[in-house]
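Have a look at this one before I ask anything.
Taken together, the values in this text are just the output of simple stated rules run on the coordinates, not laboratory data. Because the structure is a prediction, the values reported are computed rather than measured. Cβ placement follows ideal geometry from the backbone for every residue including glycine, while neighbour counts extend to all protein chains displayed.
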């Protein structure tokens, strides 16, 4: 596909500074883009790369535009504008309409028109898959699930019974939605499994990463509100709820019944203890462990700093002595006052 | 299903304080339960919720019973009693008897009576699947495996060759049992793979969470004793052994040849270094890293506390200076003594 | 299989100290090996176990050979020699040649001779699978992928479109290669997905662990060079590159665009922040978090030491006070100087 810069400017409501008759056939990074490719600059840290870029056009802010001699598309947020433009060029194998002959669909399931079901999918009793949704291949959906409109579900995703997925949700490969929560009661002879009878409710416009797991609730549902975005290998335990627009990076984990607010930015490998509340607008730095409720928006951290191992060993010894060290200081201070 | 309170009291050997002719049709949480639902109170922290609950009956201890005016079932451990009662009401799609036509079963495999094998399962040569076991769908079992009685194996679970699973084991979706341990020897030109020739042995009454991985041993087996309960996304490396009744929360990882005792409670995201021993009765708090053997039962922790990031930055700088700080104190103390 | 010690010595270029007519039928650990089994000693820490071993032959270094009375094979690196010898005896179900009737292969795909494709595999349009490669069962390969020679791909592995895998690569069950990178731009109303249009390129002799995820690049590729070895449940984000011979243990995670050097040894549960560089020859201890580029080879750590929880609580309080503690010391020092 080839598109003129004037057409791009019009479609995405951007100001063009350059030759509207020039055209692009794709997008690329600043250092690799050629004359028929568009790139962008969103971070002033990389402004120096602009001069050396051979891109046919660059999306920049008004403030940064003078750093590049060639064609520019001026955007308030170049990264957002780039994301929208790039979607014109993305890989897009048209899914084959209809239901592949190797898939097993329960007779009681309702599959709306314009649903594409690739090879080896399994859909259980009483499911309802709404219009425009694509199950690429090898998707498993248990009984009594509802999958909204225009969803994309990738190979090896599994949705256990009784879950409800909104519209335009993307579920990446290997994600497991609705496995049993980890509920155990200790009896005299050993553990008793606590039945997990709630479901999972996922709002519109959510994205669930590869091999991420979202457990069903014990009695009530586990809930992701609209536009929650989960990266790969995240673990969401039973009865967690996550507010709108919250984003979690890879390998984070939220324990049972924790309540995460809206517009949170949760870094990779973060842990959140069960039954806590994290208010709206909280940023958690990578690998932080949240051991108490957070009631004030802001950024939080909890990891020891990286050191060379031989130095770290000395710090580690001292961390164990910290309480004694603090008491020794108090004694010195007392003596000093005397 | 509708069941009278008198019948419940009898079946589960509980004392009824209320009207035995009242009946329930399900269970729910304290705040959502209605007149036909049972709920429970296990934690005195939530006693205040009892007064506002509309539950038809509540399972409580003798001590807490006066906090609720309605029907009560008195239990020594309300959570255990609740788990047992709830199992009467849990979602229970009867699995279809027999072997689904889309499954591929090796001729040399022995499938006992009363085994249910759903769509698209694969069972290898010389496997033995015992009576009452259910492979829900899309389960892969390699050659020479034994699966005990009354197990439930969920979609996308994979059991590689030569593994032995006990009775009443539940394997959740995407769990991988018996993948190669991570054994490498460094040769001059690069890494040589060390063949992983042991198996995995899982005892009775174990539960393996979604997307959890348990590697086969190098020469001997990786072992889970009876009633070990693993949550989602746990990694168990080659030749680990885990004692009876030990429970591990999500995203924990145990490195090669570590030996975990009985009745341990291992929190989420915990790491245990290879070749260590953790004795019986150890509790590990979330995200702790175990770098030495633990020989004394008790609770252990190792994570830096959560702080606002701007404060954390100051702490992090000081952690690196700790050894110097300690030495400066020693100097002050010396001067003070002089 | 039975093999004489003289034949072993010749095949693997080892010096035999013992009876060349004795033979072995397998390998085992030092404490379990019998007269027909070979074992090895690589770590002097376990030298005492040599005396009690009943192994028919032991692979040892020249220096350690006097600690064992029986047959010895002398190797510069006994672990490497053992790995090679053990491979003679490993479990090796011959894969069935050809393509299983339940697999779905696109007509435009090129499957070379001597490729084995087990049950329920899916191969997309324009794929090229080279000679000697085995897809054991239930492997999903999207459109436009190239899989090199003599690879082994295990059940439930998923390779999304447009990825390139080298020769002799082993992909373990549930690994996901080429899922979308986690790219989001924040627009006024919510998040916009940034199209992920790069691929994944994996070199020769790599190994990808069970349930590990390797995301495709945003515009350029995510790259693993030759002989990179990844354990289970590792997360590699978009546009990461990892140098030759680097090894990562389970549950580690590398964020977007980080660049890891050659010959690094990365422990379990390590996190590496995005856009950083880690130079060649770096060792990262378990659960370390890398928050800045590392430019000097060596070993690095960053985890608080394990303590009993009641002691840890006191340390944790003091960590938060560290900046104040340091300032109090400075005051004491100043007073002392006065």
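Arrange C:275, C:238, A:245, B:100 by Cβ neighbour counts within 10 Å, fewest through most, would you?
Details: C:275 12, C:238 26, A:245 21, B:100 16.
The order, fewest Cβ neighbours first, is C:275, B:100, A:245, C:238.
When a footprinting reagent is the concern and you count Cβ atoms within 10 Å, what order do C:46, B:300 take, fewest first?
On the way: C:46 13, B:300 22.
Fewest-to-most ranking of C:46, B:300: C:46, B:300.
Here's something else I'd like to know. Evaluate the distance, in nm, between pseudo-label points positioned 7 Å from the Cα of residue A:54 and of residue A:299 along their respective Cα→Cβ axes.
In this crude label model, residue A:54 to residue A:299 measures out at 3.8 nm.
Which whole-angstrom value gives the distance between the alpha carbon centres of the stretch A:262-338 and the stretch B:321-338?
Here the answer is 24 Å between Cα centres.
With a ≥ b ≥ c the root eigenvalues of the C-alpha gyration tensor of the stretch A:1-157, is it rounded (a/c under 1.5), prolate (a/b larger than b/c) or oblate?
On the way: a/c = 3.24, a/b = 3.11, b/c = 1.04.
Note, shape of the stretch A:1-157 comes out prolate.
Assign one of three labels to the protein assembly as shown, namely rounded, prolate or oblate, based on the Cα gyration tensor with a ≥ b ≥ c the square roots of its eigenvalues; rounded applies when a/c is under 1.5, prolate when it is not and a/b is larger than b/c, and oblate otherwise. Can you show the working numbers first?
Details: a/c = 1.01, a/b = 1.01, b/c = 1.00.
It is rounded, given that a/c, with a ≥ b ≥ c, falls under 1.5.
Mind grabbing the base-10 log of I(q)/I(0) for the stretch A:3-86 at q = 0.10, 0.16, 0.19 Å⁻¹? Debye formula, identical points on the C-alpha positions, no solvent, two decimal places.
-0.18, -0.47, -0.69
On to the next question. Please work out the Cα convex hull volume for chain B and give it in Å³ per residue.
Values: hull volume 79.3 nm³, N = 338.
In chain B, the Cα hull volume divided by residue count equals 234 Å³.
Exposure proxy check: B:259, B:107 ranked by fewest other beta carbons within 10 Å? Let's see the in-between values first.
On the way: B:259 18, B:107 5.
Ascending number of Cβ neighbours within 10 Å: B:107, B:259.
Residues of A:208-220, mean number of Cβ from any other protein chain within 10 Å of their own Cβ, rounded to a whole number?
Details: counts 0, 7, 16, 14, 5, 12, 2, 6, 1, 1, 4, 10, 4.
For peptide A:208-220, the averaged partner shielding equals 6.
Which value in deg cm²/dmol, rounded to the nearest 500, describes the helix-derived mean residue ellipticity at 222 nm for chain B, given -39,500 (n - 2.57) per DSSP H run of n ≥ 4 and division by the residue count?
Working: 4 runs with 51 residues, N = 338.
About -5000 deg cm²/dmol.
Sort the stretch C:221-282 into rounded, prolate or oblate with this rule: let a ≥ b ≥ c be the square roots of the eigenvalues of the Cα gyration tensor; rounded if a/c is under 1.5, and if a/c is not under 1.5, prolate when a/b is larger than b/c, oblate otherwise. Please list the in-between numbers first.
Working: a/c = 1.28, a/b = 1.03, b/c = 1.24.
Verdict is rounded for the stretch C:221-282.
Quote to one decimal, in nm, the extra length available between residue A:105 and residue A:150 on full extension: 0.36 nm per residue of separation minus the C-alpha distance between them. Intermediate results must be reported in sequence, preceding the final value.
Numbers: separation 45, 0.36 × 45 = 16.20 nm, distance 1.90 nm.
Answer, rounded to one decimal: 14.3 nm.
Distance between Cα centroids, the stretch B:75-89 to the stretch B:158-232: provide it in whole Å.
32
Mind checking B:156-163 for the average number of partner chain beta-carbons within 10 Å of each residue's beta-carbon?
Details: counts 12, 4, 11, 2, 7, 2, 2, 0.
Counting Cβ atoms of other protein chains within 10 Å of each residue's Cβ and averaging gives 5.
Within 10 Å of each Cβ in peptide A:141-147, how many partner chain Cβ atoms are there on average? Round it to a whole number, please. Walk me through the intermediate numbers first.
Working: counts 1, 7, 2, 2, 0, 0, 0.
Taking the mean over all residues of the peptide, I get 2.
Roughly how far apart, in whole Å, are the Cα centres of the stretch A:94-138 and the stretch C:97-147?
Measuring centre to centre over Cα atoms gives 23 Å.
Take the Cβ-Cβ distance between residue A:69 and residue C:187 as r, set R0 to 30 Å, and report the resulting FRET efficiency rounded to the nearest 0.05.
About 0.55, to the nearest 0.05.
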